[in-house]
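All remarks here apply to the structure that follows.
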Amino acid sequence: MCLGIPGQVVEVTDEAGRLAKVDVNGVQRIISIRLLDGQPLEPGDWVLVHVGFAMARIDQHEADLTLAAVKQMGQSYYDEVEAFNSTAIV
Amino acid sequence: MKFVDEFRDPAAARALVAAIRDLADGGGDGGQVFKFMEVCGGHTHTIYRHGIEHLLPPSVELVHGPGCPVCVIPMGRVDDAMWLAEKPDTIFTSFGDMMRVPGSRGSLLEAKARGADVRFVYSPLDSLRIAIENPDKHVVFFAVGFETTAPSTAVTLVRAKDLGVTNFSVFCNHVTIVPPIKAILDSPDLRLDGFLGPGHVSTVVGNRPYRFVTEVYRKPIVVAGFEPLDILASVHMLLAQIREGRCEVENQYSRVVPEEGNPQAIALLSQVFELRPHFEWRGLGFISQSALKLNDDYAEFDAELRFDMPGIRVADPKACQCGEVLKGVIKPWECKVFGTACTPETPIGTCMVSPEGACAAYYNFGRLHRETAMMVGQRSELPVLTK
Ligand code: SF4
């Protein structure tokens, strides 16, 4: 459950509530960007997503590396994406 | 069977393996074995998944540490969770991994099968949404995890307060990474030569909290990423420190981990939580100041205060040697019930539940790689990299 998966910011949906829509492997969901306050996020930016939160900003290269690494985890990766798929936060 | 070829950059992996061998065996101290503990369960997973222990020379041994959040929850806390889950008019929410952890009366999944409203959530914010949508029920979130996860619980609590949600509480089991490292360093059971520091915890806390490892205990520590190459590079960095007579906190994962961590997240932690005087860890016993509870400002959301919880304490099952596994004293397969009574389908201990648990990782991948160890032995005869 410590897996962080790379997600790409689609748009900041709620500036005040610090929410953004991100794309993880083609699945788009809302996550909180509250932990990255002070780091401006633009559509197209990559973040490491963990339990519905952007934990760190990463660059494209790191996103590719991490994605390759977590995909090799096999079932854990699919479980994580499936869990992400189920999220619908306030 | 693929092996080194599974690596993103097999040439780099071979070069690192050769360089590690040179450093480990080249000190004129023939026969010395360097023992490095990987603190984080994510690393354990990578190590078994990629058979890294078989790539390393016999003079380098990786020892698994306590950094798997599911693994360290003692049985009594699971029983308390069950007690909450079985209260009437309650919706109990948990991360998926925690649902299968056995308490003394079965797991949360079994409670669910008996009719309790137990739901799996991806995020604590999902749990808050369930509370808002079910005003006639009380919703509890089973919070577990190290500093990686605790800030998300903190944000959720701040949001619950802002939104004035009154039917939501948190059963807080957040733990902190430094005290168990210290407990392991203080334990006479194990002689370690260095640490691979946790990657994602460090994105929050930064590198500073590990300085006591180098300053007080004189052991090097390298904060490591999760890719197989990251692990190899970090082992190499540890050996280089030892050979050069250095003892430092180094950051191999600087692509993601800032030196100072995440100040926002740290501020949120102190806004919502305070340290518990002591907390019980599975197999490690009570460790002082090793866990978080909600502070007075958030007391209304604290399930332990809100309900008259039994505060159950039970001894770990007799057969279970998770404590020794978590301290790195034994390897998973040395536990008497490993793979027989205790499997991922029917776990006895926590280390068999989460994919980050050493026993589950070894069960799923380790044996597979044992078969290929011979092959790796041959492949490791590779051109030596000189710096
Ligand atoms: S095999 Fe099972 S009981 Fe033994 S240490 Fe591993 S998880 Fe614990």
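The values are calculated or read from the model by the stated rules, or taken from the named source; none is laboratory data. Everything quoted here is computed from the prediction, not taken from an experiment. So basically every Cβ, Gly included, is an ideal-geometry build from the backbone, and we count neighbours across all protein chains shown.
Quick notes on this one:
- Helices (runs of 4 or more DSSP H) within the range B:142-247 that include 1 or more residues under 30 Å from residue B:22 (Cβ atoms): B:178-186, B:199-205, B:211-215, B:228-243
- Of the strands (runs of 3 or more DSSP E) contained entirely in chain A, those carrying at least 3 residues that are over 24 Å from residue B:354 (Cβ atoms) fall at A:5-14, A:19-24.
- Residue satisfying all of: in the range B:316-334; in a loop (DSSP other than H, G, I, E, B) and more than 16 Å from residue B:72 (Cβ to Cβ); nearest to the ligand (Cβ to nearest atom) among these: B:319
- Test: residue in the range B:204-213 that is aliphatic (A, V, I, L, M) and at pLDDT below 90: no
- Test: residue B:126 is in contact (Cβ under 8 Å) with a residue 24 or more places away in the chain, in contact with a Gly (Cβ under 8 Å, 6 or more places away or on another chain) and not hydrophobic (A, V, I, L, M, F, W, C): yes
- For the range B:130-142, the set of residues classified as of a type outside the set (Val, Ile, Thr), crowded, with 17+ Cβ neighbours inside 10 Å and out of contact with any Pro (no Cβ under 7 Å at 6 or more places or on another chain) consists of B:131, B:138, B:142, listed by residue number.
- Flag: residue B:257 matches the condition of being under 18 Å from residue B:39 (Cβ atoms) and within 14 Å of another protein chain (Cβ to nearest Cβ).
- Members of the range A:25-48 that are at pLDDT 90 or above and away from every other protein chain (no Cβ under 12 Å): A:28, A:41, A:42, A:43, A:44, A:45
- In the range B:230-248 there is at least one residue matching the filter, namely being within 19 Å of the chain's Cα centre (by Cα), among the polar types (S, T, N, Q) and surrounded by 23 or more Cβ atoms within 10 Å (Cβ to Cβ).
- Neighbours by Cβ (under 6 Å, 6+ apart or cross-chain): first from the range B:223-240, without any contact (Cβ under 8 Å) to a residue 40 or more places away in the chain and closer than 15 Å to residue B:44 by Cα; second polar (S, T, N, Q) and in a helix (DSSP H, G or I): B:223/B:202
- Applying the criterion of being at pLDDT below 90 and away from chain A (no Cβ under 14 Å) to the residues of the range B:188-203, the residue that is surrounded by the fewest Cβ atoms within 10 Å (Cβ to Cβ) is B:188.
- Selection from the range B:344-365 of residues that are part of a loop (DSSP other than H, G, I, E, B), more than 14 Å from every other protein chain (Cβ to nearest Cβ) and near the ligand (Cβ under 8 Å from one of its atoms): B:347, B:348, B:349
- Of the residues screened, residue B:182 is one that is farther than 24 Å from residue B:108 by Cβ and charged (D, E, K, R).
- Residue in the range B:169-187 that is more than 14 Å from the chain's Cα centre (by Cα) and within 14 Å of chain A (Cβ to nearest Cβ) present: yes
- Residues that are more than 9 Å from every other protein chain (Cβ to nearest Cβ), in contact (Cβ under 8 Å) with a residue 40 or more places away in the chain and in contact with a Lys or Arg (Cβ under 9 Å, 6 or more places away or on another chain) do occur in the range A:53-65.
- Identification of strands (runs of 3 or more DSSP E) wholly contained in the range B:12-117 with 1 or more residues that are of a type in the set (Asp, Glu) and more than 17 Å from the chain's Cα centre (by Cα) yields B:60-67.
- Look at (1) buried (at least 22 other Cβ atoms within 10 Å of the Cβ); (2) at pLDDT 85 or above; (3) facing chain B (nearest Cβ under 7 Å) and you find that residue A:22 fails only one, number (3).
- Qualifying residue in the range B:105-121 (condition: within 12 Å of chain A (Cβ to nearest Cβ) and crowded, with 23+ Cβ neighbours inside 10 Å): yes
- Contact map, the range B:329-351: residues that are of a type in the set (Asp, Glu) paired with residues that are within 6 Å of the ligand (Cβ to nearest atom), Cβ distance under 9 Å, separation 6+ or inter-chain. Pairs shown: B:334/B:321; B:334/B:325.
- Filter result for residue B:50 (touching a helix residue (DSSP H, G or I) at 6+ places or on another chain (Cβ under 6 Å) and within 28 Å of residue B:285 (Cβ to Cβ)): no
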